[in-house]
1. Given the conditions (1) surrounded by 13 or more Cβ atoms within 10 Å (Cβ to Cβ); (2) over 11 Å from the mean Cα position of the chain (by Cα), report the number of the one that ALA17 does not fulfil.
2. Those residues that are surrounded by 14 or more Cβ atoms within 10 Å (Cβ to Cβ) and within 22 Å of ARG62 (Cα to Cα), I need them from region 20-41; list them, please.
3. When only residues in region 46-71 that are of a type in the set (Ser, Thr, Tyr) and within 15 Å of the chain's Cα centre (by Cα) count, which is nearest to TRP31 (Cα to Cα)?
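A short reminder: the numbers here are calculations on the coordinates, not readings from a lab. Here the structure is a predicted model, which means the values were calculated and not measured. All Cβ positions, glycine included, derive from the backbone under ideal geometry; neighbour counts span all protein chains shown.
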Amino acid sequence: VFVMIKLDKPALKESVADTLMGTAINLPLVWVVLSLCLMFTHNALIISLAQAGVLTVVAIIRRYCTRMYFKRREE
């Protein structure tokens, strides 16, 4: 049984753009944070907390910028 779902194309474009930007930013960022952490500790908990903190802050900033960009395009 096929269910027709009406996609919100602008929302889909925004989601794809944000996800691709997130991947492009996060892969090198994870490597940098991990490399820096390994200079000071090998404690997995500390490294995980540092990674989570940095990635969360960057994700909030990235998501805000992405939303503002697409919001301006809608106006």
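1. Only one criterion in (1) surrounded by 13 or more Cβ atoms within 10 Å (Cβ to Cβ); (2) over 11 Å from the mean Cα position of the chain (by Cα) is unmet by ALA17, namely (2).
2. MET21, GLY22, ILE25, ASN26, LEU29, VAL33
3. Of everything passing the filter in region 46-71, THR56 is nearest to TRP31 (Cα to Cα).
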